[in-house]
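Notes follow the structure.
The values are calculated or read from the model by the stated rules, or taken from the named source; none is laboratory data. For clarity, every value in this text was computed on a predicted model and none was experimentally measured. As a convention, Cβ positions derive from the backbone with ideal geometry for all residues, glycine included, and neighbour counts pool all protein chains shown. Note: accessible area is taken over every heavy atom of the protein model, side chains too, but ligands, DNA and RNA are not part of it. Shrake-Rupley method; radii C 1.70, N 1.55, O 1.52, S 1.80 Å.
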Amino acid sequence: AAGVIQSPRHLIKEKRETATLKCYPIPRHDTVYWYQQGPGQDPQFLISFYEKMQSDKGSIPDRFSAQQFSDYHSELNMSSLELGDSALYFCASSLTPTRQVFHGYTFGSGTRLTVV
Amino acid sequence: AQTVTQSQPEMSVQEAETVTLSCTYDTSESNYYLFWYKQPPSRQMILVIRQEAYKQQNATENRFSVNFQKAAKSFSLKISDSQLGDTAMYFCAFRGSGNTGKLIFGQGTTLQVKP
């Protein structure tokens, strides 16, 4: 079965550089979520998109932006990178609940970003 | 705002024994979803079990079962016949009833299964 695809798997950037992370959701899933997980920490919600529109926003720095495209893939753009941005970035996708039943999330394997 | 609390940062259990991981949450919603996720060293997020709040019966998945106490807002995970492969970080997570609801994670519990 198709899974959520994230690219790249690993990324090393220097301070003040920019990075773009990509997420390809499960076919037919209409919602994409981005999470940031620092070392030894729980995942923190950054932002989500439903039908290509931003649906919710969490603790996402102003230096970050994201969008969802017509093919439903999403990109997280990170600028002026700081050492503290080093983390695992997860993408997850889901389908809008039908008859009030939520069918679950599918997580990608994550992009490990290291800022040096 | 919803919160999820896991008060056990680390736990250990002998292989083949049973262990229970605790989770409490806070919400004003009456319909929601609760999850337990496993994150092994590979850091892949793997769904262990889920519970719909409107269901009174506790969910079970093979060796994994939950004790869902809605009034107490408690959602513990019991792992029976623990195996070495169960060694991982375990996250309790909450999703509200909204159509585009995000997951809210607890702080995680690191479980070590000892031979």
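Taking both sides together, the accessible area buried where A meets B is about 2000 Å² for a 1.4 Å probe.
Taking the Cα centre of the stretch B:3-114 as origin and assigning +1 to Lys and Arg Cβ atoms and -1 to Asp and Glu Cβ atoms, the resulting dipole is close to 260 debye. By the equivalent-ellipsoid construction on the alpha carbon gyration tensor, the stretch A:5-115 comes out with semi-axes of 24, 14, 12 Å, ordered largest to smallest.
Seen from a random direction on average, the alpha-carbon convex hull of the stretch B:35-77 projects onto 3.3 square nanometres. Average 1/r across all pairs of distinct alpha carbons in the protein assembly as shown, invert it, and you get the Kirkwood radius: 18.3 Å. Taken residue by residue and averaged, Cβ atoms of other chains lying within 10 Å of the Cβ of B:101-111 number 5. The convex hull drawn around the Cα atoms of the stretch B:3-114, when projected onto a plane and averaged over every direction, covers 6.7 nm². Shown for the stretch A:15-42: residues covered by the partner protein chains by 20 Å² or more of accessible area relative to the chain by itself (probe radius 1.4 Å), namely A:TYR33, A:TYR35, A:GLN37, A:GLY40, A:ASP42. Around the Cα centre of chain A, unit charges on the Cβ atoms of Lys, Arg, Asp and Glu (plus for the first two, minus for the last two) sum to a dipole of about 160 debye. Only protein atoms count toward the accessible area here, which uses a 1.4 Å probe; on chain B, the carbon and sulfur part of that area reaches 46 percent. Shown for the stretch A:5-115: the carbon plus sulfur share of the solvent-accessible area, taken with all protein chains present and a 1.4 angstrom probe, equals 47%.
Neighbouring Cβ atoms from other chains, within 10 Å of the Cβ of residues in B:20-31, number 0 on average.
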